[in-house]
Amino acid sequence: LSEKTVVFLIASGYSGSTLLTHFLGAHSNILNLGEILEGFKNNPDCKCAYCEKACPVWGSVISNSTLSNHVRSFNFQNTGKFRSIKRLASSGYAVLSPSSKPGFIFNKVFEADQEISVIIDGSKNLKWTKWQMNNSSFKAKFIFLVRDIRALSASRIRKLPENLSDAVSLLVRRLKTFNNFYEKLPEADKILIRYEELVSNPDGIGKRITDFLDLRFENSMLDYSTSRHHILGGSMTIMMKIKEQYGQDSSAYKFAGKEYYKGSGSFFLDERWKTDLGEDDISEIMEMGEQINSKFGYT
Ligand SMILES: [Zn+2]
């Protein structure tokens, strides 16, 4: 088994992160905790999105009050004025309240289940990631999941009330920030994965990632929907919420969304941007985004 490792996902929205994290979470030694921070915001009761009754992770190993203390401490130390003073003050407080320390929730999970050697944190929030890294009790590794900026832009304008140029400038800014962070990380601790390769060759990419994590690839990962998962939310929640808004039953959506939502949930190369976007749109995207896109190997 590999040493206790927390994998922090770096990715923009609509990059296929829900698929990637569930794929990895189907490994017998990996637990995917999903988008912890965003999940908690949308789901403060800390209820697992998949477990009907008692969840072995959320509400038990990571109790509601533990997580809310932990998130409150993160917010306190990382937002607003006097952050360095607040951090100093918190280091004293942490002696009394261990849940206010970075890494606390991961350590709880590692202690509770010896089988788990890798935890995936899909929060995709750099502040959160940097804060959690201030912890010496586990190894931190990083997966940077990238996708062609033309596809990301098309997804944003399809799903959000945004115009194309706003979508592209936001994406360029975010991807540059992610890339700057990623470039400074030690080589051995990071891996860049292209969404397009993941969905076209899950076998090969899965082996690359499990090698990176010092684990052996398991075929169960290819059919991840049959494995147990415990997350607070993420894009699944958003999709379920949308169904509920339509007055539809969302229970079938907890993995059966393959037909309903093409590309999310299955290894399917979603290239709708090629037909959705006109030539003008594509040149507008590339004017701002070509440089960062080419850094990730897209031409
Ligand atoms: Zn659960």
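Descriptive notes on the structure:
- Among the cysteines of the chain, those whose beta-carbon sits 4.7 Å or more from every other cysteine beta-carbon are CYS46.
- For the chain, the relative contact order works out to 32 percent when only alpha carbon pairs closer than 8 Å and six or more residues apart are counted.
- Applying 0.36 nm per residue to the separation of LYS53 and LYS127 and subtracting their alpha-carbon distance, the gain on full extension is 23.4 nm.
- Gyration tensor (Cα) of the stretch 21-130, equivalent ellipsoid semi-axes in angstrom: 25, 14, 14
- Mean-square fluctuations from a GNM of the chain, with a 10 angstrom spring cutoff on Cα atoms, peak among ALA89, ALA11, ALA167 at ALA89.
- Result for the chain in a Gaussian network model with C-alpha springs under 10 Å: among LYS101, LYS176, LYS86, the largest mean-square fluctuation is at LYS86.
- Local net charge near GLY16, Cβ-Cβ under 10 Å (Lys/Arg +1, Asp/Glu -1): 0
- Most fluctuating residue given options GLU38, GLU196, GLU271, as computed from a GNM of the chain linking Cα atoms under 10 Å: GLU271
- Per-residue HN-Hα couplings for the stretch 141-150 [Karplus 6.51, -1.76, 1.60; θ = phi - 60°; Hz; x = Gly/Pro]: 10, 9, 10, 9, 9, 10, 8, 3, 4, 5
- Direction-averaged projected area, Cα convex hull, the chain: 16.1 nm², rounded to one decimal.
- Here THR79 and ASN180 are evaluated by their C-beta separation; at R0 = 30 Å the FRET efficiency comes out at 0.90.
- Helix 83-96 vs. the chain, principal-axis angle (Cα, 0 to 90°, nearest 10): 50
- Cut-off under 5 Å, modelled amide H: who pairs with VAL7 long-range: ILE119, ILE120, ASP121, LYS141
- Amide H contacts of ILE193 (H built 1.01 Å from N, in plane; Pro and chain starts excluded): PHE144, LEU145, VAL146 sit under 5 Å, all sequence-distant by 5 or more or on other chains.
- For the stretch 110-120, the Karplus equation 6.51 cos²θ - 1.76 cosθ + 1.60, evaluated at θ = phi - 60°, returns couplings of 4, 5, 6, 9, 5, 5, 7, 10, 10, 10, 9 Hz by residue, with Gly and Pro reported as x.
- For the stretch 61-70, Karplus couplings with θ = phi - 60° (6.51, -1.76, 1.60), whole Hz, Gly/Pro x: 4, 10, 6, 3, 6, 4, 5, 5, 4, 5
Any read-out appearing in this document is the output of simple, stated calculations on the displayed coordinates, not a laboratory observation. Bear in mind the structure is a predicted one, so any value in this text is a computation, not a measurement. Cβ sites come from the backbone with ideal geometry, for glycine too, and all protein chains shown count toward neighbours.
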